[in-house]
Amino acid sequence: MTAPASATPQRIEVLVPMRWGDMDAYGHINNVQIVRMLEEARIAAFGPPRGAGLPGVEPPAALFNDVDEGTMTLVVEHKVRYVRTLEYRNIPAVVEIWVGSVKGASFDLHYVIKDPVTREDCVKASTHLAFVAEATGRVLRLTPKQKEQLGRYQAS
């Protein structure tokens, strides 16, 4: 389902802290920590599974904390392209996140991690996700409400 013609798809911008321990031997953010930053951006944008998140902070799209009890939100696949090194800085990195393709039982999130000082793209990534029944391990179809929530942030 695509966003209605009257609605303009939007990117969600999230600030993700870079930690001193995230650096590799070259002073860049380590590739493993980049994937952690993607996870932090995803949770900030769409909420933690079955949780309220930070007190007083509502995610722009509360998709993940609206799932039914017994439903897991699982990563199916990550794709990460390192465009340029992300230098450690004592200020948060800028992460833009938006929805790509939405299928019957899964969807894609896309990200760009930008240097917080230069605003240059450092990482381009995507995550393929699905909702899975905890008891059976079966993939669940997206509900109309979930598709609507995703559609607001879906790029064409």
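Below is a table of values for the structure above.
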| item | result |
| --- | --- |
| Failed item, numbered, when L86 is tested on (1) closer than 18 Å to Q149 by Cβ; (2) crowded, with 18+ Cβ neighbours inside 10 Å; (3) in contact (Cβ under 8 Å) with a residue 40 or more places away in the chain | (1) |
| So P48, is it part of a loop (DSSP other than H, G, I, E, B), under 16 Å from the mean Cα position of the chain (by Cα), closer than 17 Å to E96 by Cβ and at pLDDT below 95 | no |
| Residue list for the range 98-156, restricted to those being in a loop (DSSP other than H, G, I, E, B), aliphatic (A, V, I, L, M) and surrounded by fewer than 19 Cβ atoms within 10 Å (Cβ to Cβ) | A105, V117, A135, A155 |
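The values are calculated or read from the model by the stated rules, or taken from the named source; none is laboratory data. The structure displayed is predicted, hence computed values, not measured ones. FYI the Cβ positions are ideal-geometry reconstructions off the backbone, even for glycines, and counts take in every protein chain you see.
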